[in-house]
Each structure stands twice: as structure tokens, then as C-alpha cells.
Amino acid sequence: MKERKFSVIGKPLPKIDAMAKCAGETLYADDLFFSRMIYAKLLRSPHPHARLRSISTERAAGLDGVYAVITGKDLPEKFGIMPSTQDEEALAVEKVRYVGDPVAAVAASSETLAEKALELIDVDYEVLKSVLSIEEALTEVDNRIHSWNRYANVQKAVSLEFGDMEKGFEGADHIYEDTFFFQGNTHLPMEQYCTIAFSGPDGKLSVWSSTQTPHYLHRTLSKVLGLPMSRIRVVATPVGGGFGGKSDPFSHELSVAKLSMTTGRPVKITLTREESFYVHRGRHPVKMWIKTGVKNDGTLQAMHFRSFLDGGGYSSYGLASVYYTGALQTVTYKLPAYKFEGARVFTNKPPCGPKRGHGTPQPRFAVEVQLDEIAEKLGIDPIDLRLKQLVEPNSETVNGLRISTTGLRECIEKVAAKAEWKKKFRQLPFGRGIGFAASAYISGAGLPIYWNEMPQSGVQIKLDRGGGITIFCGSTDIGQGSDSILAFAVAEEFGVDPADVRVVTGDTDLTPVDLGSYSSRVTVMTGNATIQACGKLKEMLYQVAGEVLEVPSDDLEMAEGQVRSISYPARGISFVECVQKAEAKFGTLGATGSYSPPKHPANYKGSGVGPTTAYSFSTSIVELACDGETGDIKIDKVWIAHDCGRAFNPLLVEGQTEGSVYMALGEVLMEEQVFRKSGLHKIPSMLEYKSPTTLETPEIETILVETNDPEGPFGAKEAGQGPLLPVIPAVANAVYDAVGVRIHEIPITGDKILRALEGRLKPVSVPSFEFPPPVKWQPGKGAEVPQKS
């Protein structure tokens, strides 16, 4: 079959919103202003754990210029992103669970006045003993942060077993055990959180918010406010950085909506930078233990992996997060037997949630570092150890995940060649090192958060008589270029210039449902929905063009603004004329498209986390210098190879890949979300929370590997999150190559390196915990569920 030639796909075109952003014309949420608008502020708890005895708002309400004051009794309905763990309140009703937990909201004529009113709210707290670590959460049986969970402060404990673990370890020549810790960190988007709400005289509520998930915010507003979804409009404004941190519905969004309903005025809230650190929902701190059995040649026989997640005060995406720390270990290398045990606990700290790579950077760090250590002990090159046991295309993993295409081998070989691995590995002088790691990630979750049979993404396309095309989709562009992807897909299908395509997204009144910008789902899901909708319209256009040109429909193509014969390209009509004739024949031209991922074969509890349309694969080599006297690390260069299916737009894919590398370097070298014993954040500002600048960002060489996945639109896979994963362990492995010490903690800081060089760095301690009996599953045999005791 002749390979399709593309006119738009695969071309390094600028994003459709690039000029507006460069010119400062893009309107973010905080840029919006409405007539009669007033401003909201939230009163937040100064205590990490306390019972609310009473709240008195009379003094604040009596202040001139204050329009409304609300408390938890005005919004008592619980909510949460996951349907089975709805444990949050817009404003605390009986208890606060972290410093920063909101207890009251004020709307006033100015932000300054609203802040003054907060000082006049009297709250009587009964301070309770706080739980601030994973170990305390597991052992504080009588000191419960929530009462609905089953044991102590454990939100969720899971145990899954695949293949014959006993046989796997018995057949291993060597068994290795290691412990690791990955400190939590935050997203640090340039744009802080902002929401505007207006309850109009018609009783309908409109909400403009910097959100990644307008559909889920829409659902939550309806639930908490008691309004039908048909009377609520959510508009996702352009997002100035999200990275997962704007995927939850938040207290401030619900509070301003209620304040607007109370006052009848537009109400705006913009959180401060300090508040943004507490709202958080960033990377979980995770402690990990791995036991791995291998043959003398390094072939994997069995792996037992445990993770303990510090979830903070509420559930957020935690149910999925704990499964994600165990689901994808099987997707890079062949693993015949695998057991995963994971627990997420509540602590009196800001709740954690999804950050770029949701739940997978922590275990990937641990697995890739341990593989490097195993290779060292066996005297095998760590790249050779991996190459002999890569997953195969069109295969199924031991835990039931379906692999379609994989460019992992090519990623490894290309990155090794570019970095001159064989020449440099273990050959560099003391203080200089090179390290390697590999990874895999999903192209969108296989199941929606609320399980149902409806599509996960939908689009509508309208053709107008002037040749313009408008595509409507519920997705949100968070800087990754999803609006551009929609425009490029439509332009490719109709053979027009992307400038002729208008994109309308993230408006629940105007656009069909898309579940949101998370899990690297948008390119694959909205792209496939777009192609389907285009196909319906192309049938009508081809029918008309065939009649006019007297050419069979199967000999027609759309290219260069024309509908023309493939065999005789000179015989054609303009796209505009074809649209006009089609409208005359069929009436107004519009079509819809939708997409749901293919069904996955596994059926055990927890199998909803991990399946995807297609897995992307990434490899990284990092070369660095490490000062043996100070422990300081300087990254010289990062090579990153990424299997993106087909590069929808290589310029955007490279940008996403390099953004992932930049974020990974921040996490591995300096970023950490740490708290005092009082529950206060130690460094809640961009001055103190260290993140790389352009000065600390090294040269990055990006290698795109194209595998043309049949499940993706035009063959594309994800590119926004997967490339982060291998960089962190590659740095850790390079540090060992440079100075000969293993650091099992993230971030890798100078003081840890010095302590390791002096033999003073203590091993990571992992708590003991009795996990439930495992659910055992084998392909073709189903799940063996243990009896409840």
C-alpha cells in the first residue's frame, strides 16, 4: 500500500496561538474584567490538624464594602475528582486537615478590603495532634485524619500478583533488594490559580477558570451547588502552565461560584504564589522497596515492588496514583513474574495529585537505578542488559497491558550512538560521569474517571460558505499545543491552510465533551475524533465534486485548497466552491466525531490503571560533572530519544520533549516540597523554592523516533510527559559513574553526595506494613481474588 503523503502533518509549523502569546494578546483568567466585578479571598487554617469549634463572621460582614461572607455550612456537599473518594469540602465544615485548608470566603469591592475582612473573622480551633509522615500515618491508629477509611490513615492499600512469583525467584541466580525515596515537589506554573464566576439574572451560572478539566469542574459545580449542569457554563481560559496541577476541581472555584450566586455580581479570585504552593496537588513523596531476581546474564526473572505514598490531607487522584506507582514497571522490559503492593496514606499536609508523568517517575527512578546496580554487580554494560529483554511489539505484558508499536530499541541505539556511550562509559576521569535510563508512558488513560460507555472525546466541525472551518472540542490547551493539533488535523484532512481553521475549545455551552488535558490523552483522543468527523464531511464533498468533475469518488483528493482528481490533478475545483455546492445539495454542513480507546483484556480490580491506546518510549543519557569536594553537580549535556509514533509537528514534539527534560532536571537536582513540624511550608515562594533557570539548563539533543502507531491519529502517540521519566534515573546513574556513590533519594543534592562519599548517608528506611492478600491474575485465566478475612 502506497504511503500517504502529508502536507501539514510532520511539518515544523508554529502553534496557531503563538503570535497572540508573543504579542501579549492572549487573555488569561486574571486578565478578564467584568462590569460590577468584586473580589474574593479565602481564610485558610493556620493549623495542620484541628477541629472547628465555631466561626463568627459578623465583624467581617459588617465592614463597609464587603458584599458576602460564606463558610462551610453554606457549601456542605463533599466533592472530589474520583467518584469513590469524595472527601473534600469547598470550605471546611467540622475539621481542617492541613495548613491552608480554607474555612471561609469573603467577597468585597477590592482584594485589599477582602484581605482586611479575613482578619475580622473569628475562628475557634481545637488543635489536634498532627500526622506529618508516612510512618506516623501508618501507626497513628487512633489519630484519624478522616473517619471513612478502613485503617489508621491509609487511604488505599493494594496488592496484585502476576505470573509465578515463587518459580521466578527460585529460578534466579541472584536476588537484589533496594530501597528508595522520591521527595514530593510541585508544578510551579508561571500562572497562579484564578477563577471568575457570574450568576446572571436568568439564574444561570458562568465560570471562567484556569483549569485542565472543564468537564469535571462542570460536574463538581453541579453537585456542590445543587444546580443542574444545564444551567452552568464552564469556560476553560488559556492556561499559563498546568502540568497536572489544574486537573482537580478546587475550593476557590466553588467558593467564587457560591459568592456570585449570593451577591448577583461577577466575583474573581486570584490565588497568591504562596497559596498556590498549598493548593499544590503535585508529586507525591514516595518510599519504595524493590526485590528483583535475575539470571547470571541479567535476564529478569521476577520483581516484587512496594510503594508508600504520602498523599497529604485529601484523596484527590490518589486512588489512581497508588496504582500508577506499580502499573508500568512491566511495559519496558519482559518480566515473567511481578508482584506489586502499594499504599497511599493521609497526612496533615497539602494534598498531592498528578504531576507530569503521574505516579510513574518515582518507580521509574527506582527501577532504572536498581537495574544499573545489577548490571554493575554482574559486570554487564547497563545498556546491553536492557537490550536483551525489551518488550516486543504487538505483545501483552504479564499484567495484561497490550503493547502495539515500540521504538524502544531504536531509542536506545540512537541515543547511545549520539552520546558515544561505549567510548565514555566507565572511561571518564573521576568527577565526570555518564548515565543511562529508559522508560515508557501512556497515550491517555484507557478508562474515564467516571466509568461509562460514552466517548472520552468528541468534536464538532462546521464548514462555512467562505471556505472557513470551525472545530469545536472540549479539550483545553495548557501550553502543549492541543489547539494547534486540532487545526493541523483538520487542515491535513481537507487540504487547506491551518490559518483557515478556527478552533473553539473548553466551553461546556459550545463544545462537546472532552474529559480534559491530563494523562497525555489529547493528541490521540481528540485527533482520532477529529479524523472521524472530517471523514463524514469528506464523503459529502467528494460526492459533489465527483458529480461536477465526472470523476469517481475514490479518485479524488483534497490538497492545496482544491478537491481534485488523483489521476489528473489539473481536473479539480476549489475547496470553497465544493463547500458551496455541497451546502446547496445537503444543507448546512456539519459533522461530529468521537473516540473511545480500545477495550483492554485484563479484568482484575485495579486493571483500569495502566491500559492505553499506545505506549510511548523514551531513553536518556546524561553527561555531568560532580565536584568531589562540594558535591555540586553540573549537567553538561542531555541526550533524549522519544518514540512519539509519528511526529504530528516535530517542532512541538521537540518543545514538549525538552520541557520534560527541563522539569526532570529540576526534580532530580533541587526541587522539594518540604514542611516544618508546624505543618508550614518551608519555602513557599519562587525565591526560595529552587527551580532551574535558563542558566542551569544544559544543551539538550532531542532524537525523535517515529513508529507510526496504527491506533494513533496519523500514527501519533504522546509526547508531553513520557520524556521526563528517564532523565531522573539517568542523572543518578551518571553521578555514580562520576564519583562512585549511589544516591537513592531525590533530589540528589551536594550534601547527600558528600555524606555518601564519607560513608555517612543512611539507607532509605521503608516502613513495615501488612498488605492485604494479593489479587492474582494471569492472561487467559482471569483473576484469583483472595477471601476477605
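The values are calculated or read from the model by the stated rules, or taken from the named source; none is laboratory data. Note that the coordinates shown come from a computational prediction; the quantities given were computed from them, not determined experimentally. Every residue, glycine as well, gets a Cβ built from its backbone with ideal geometry; the counts of neighbours run over all protein chains shown. Ligands, DNA and RNA are stripped out before the accessible areas are found, and what is left, the full protein with its side chains, is counted by its heavy atoms. Shrake-Rupley method; radii C 1.70, N 1.55, O 1.52, S 1.80 Å.
Some observations on this one:
- When residues of the range 153-168 are limited to those that are out of contact with any strand residue (DSSP E or B) (no Cβ under 7 Å at 6 or more places or on another chain) and touching a residue at least 60 places away in the same chain (Cβ under 8 Å), the one surrounded by the fewest Cβ atoms within 10 Å (Cβ to Cβ): LYS167
- The listed residue being assigned to a helix (DSSP H, G or I) and in contact with a helix residue (DSSP H, G or I) (Cβ under 9 Å, 6 or more places away or on another chain), out of GLN301, GLN329: GLN329
- Residues that are part of a loop (DSSP other than H, G, I, E, B), open to solvent by 10 Å² or more (accessible area, probe 1.4 Å) and under 15 Å from THR511 (Cβ atoms), drawn from the range 455-465: PRO455
- Number of positions in the range 547-583 that are without any contact (Cβ under 8 Å) to a residue 60 or more places away in the chain and part of a helix (DSSP H, G or I): 9
- In the range 117-167, of all residues being part of a strand (DSSP E or B) and among the β-branched types (Val, Ile, Thr), the one that is farthest from TYR67 (Cα to Cα) corresponds to VAL158.
- Residues satisfying the stated conditions in the range 567-613, i.e. open to solvent by less than 50 Å² (accessible area, probe 1.4 Å) and among the acidic types (Asp, Glu): GLU583
- When we screen ARG755, ARG760, ARG742 for residues that are over 23 Å from GLU341 (Cα atoms), open to solvent by 30 Å² or more (accessible area, probe 1.4 Å) and either of a type in the set (Phe, Trp, Tyr) or touching a helix residue (DSSP H, G or I) at 6+ places or on another chain (Cβ under 6 Å) (or both), the only hit is ARG742.
- Criterion (free of Cβ contacts under 8 Å to residues at least 24 places away in the same chain and touching a helix residue (DSSP H, G or I) at 6+ places or on another chain (Cβ under 9 Å)) met by exactly one of ALA40, ALA18, ALA60: ALA18
- Members of the range 629-674 that are over 20 Å from ILE412 (Cα atoms), surrounded by 23 or more Cβ atoms within 10 Å (Cβ to Cβ) and in contact with a His (Cβ under 8 Å, 6 or more places away or on another chain): GLN673
- Within the range 340-391, considering residues that are more than 24 Å from SER519 (Cα to Cα) and not in a helix (DSSP H, G or I), the one most open to solvent (accessible area, probe 1.4 Å): LYS388
- Selection from the range 179-194 of residues that are touching a helix residue (DSSP H, G or I) at 6+ places or on another chain (Cβ under 9 Å), open to solvent by less than 20 Å² (accessible area, probe 1.4 Å) and under 19 Å from HIS744 (Cβ atoms): PHE180, PHE182, ASN185
- Residue list for the range 478-493, filter: open to solvent by less than 10 Å² (accessible area, probe 1.4 Å) and closer than 14 Å to VAL522 by Cα: GLY481, SER482, SER484, LEU486, ALA487, PHE488, ALA489
- Sole exception among (1) polar (S, T, N, Q); (2) in contact with a strand residue (DSSP E or B) (Cβ under 8 Å, 6 or more places away or on another chain); (3) within 21 Å of ARG356 (Cβ to Cβ) for SER276, by number: (2)
- For the range 190-202, a residue qualifies if it is in contact with a Gly (Cβ under 6 Å, 6 or more places away or on another chain) and in contact (Cβ under 8 Å) with a residue 60 or more places away in the chain, and exactly one does: GLU191.
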